[in-house]
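Laboratory data are not the source of any read-out in this text; all were calculated from the coordinates shown. Remember, predicted model here, so these are calculated numbers, not experimental data. For neighbour counting, all protein chains shown are included, and Cβ atoms are generated from backbone atoms with ideal geometry for every residue, glycine included.
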Amino acid sequence: MELHILEHSLKVASIEKEGIQICTHGLVKLAFLASRTRCKFFSLTETPEDYTLIVDEEGFKEEKQELRHIKKEPCSLLIFTSLFIPDWC
């Protein structure tokens, strides 16, 4: 099996439910105006406690001011892909 780390780096952050209204402009821009941003990956998930935002480094840098109401400093993740090559090939 081979693992390859991809060049993309993602930021994962939490947005409080009460703070989502303040972040709406930045989130709409990331989600629906992709041609006006350098963001290549965006995900927003609602949990019972808050919203979880996953966005690439470029998207986070562009919208950092709009996303200033996140609960905690976002953590970075590296993305990898795996390739399995059977012995019999």
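Say we look at the stretch 1-19 and pick out the residues that are of a type in the set (D, E, K, R) and farther than 12 Å from D56 by Cα; which of these is farthest from the chain's Cα centre (by Cα)?
Here is the first cut: in the stretch 1-19, the residues of a type in the set (D, E, K, R) are 2, 7, 11, 16-18.
Then drop every residue that is not farther than 12 Å from D56 by Cα, which leaves 2, 16-18.
Details: E2: 25, E16: 16, K17: 17, E18: 20 Å.
Among them, the one singled out is E2.
Looking at the stretch 3-19 only, could you name the residues that are part of a helix (DSSP H, G or I) and either among the aliphatic types (A, V, I, L, M) or surrounded by fewer than 14 Cβ atoms within 10 Å (Cβ to Cβ) (or both)? Within the stretch 3-19, K17, E18 meet the criteria. Looking only at residues in the stretch 24-66 that are without any contact (Cβ under 8 Å) to a residue 12 or more places away in the chain and among the hydrophobic types (A, V, I, L, M, F, W, C), the one that is surrounded by the most Cβ atoms within 10 Å (Cβ to Cβ) is A34.
Kindly provide the set of residues from the stretch 12-41 that are touching a Leu at 6+ places or on another chain (Cβ under 8 Å) and of a type in the set (D, E, K, R), ordered by number. If the condition is that a residue be touching a Leu at 6+ places or on another chain (Cβ under 8 Å) and of a type in the set (D, E, K, R), then no residue fits.
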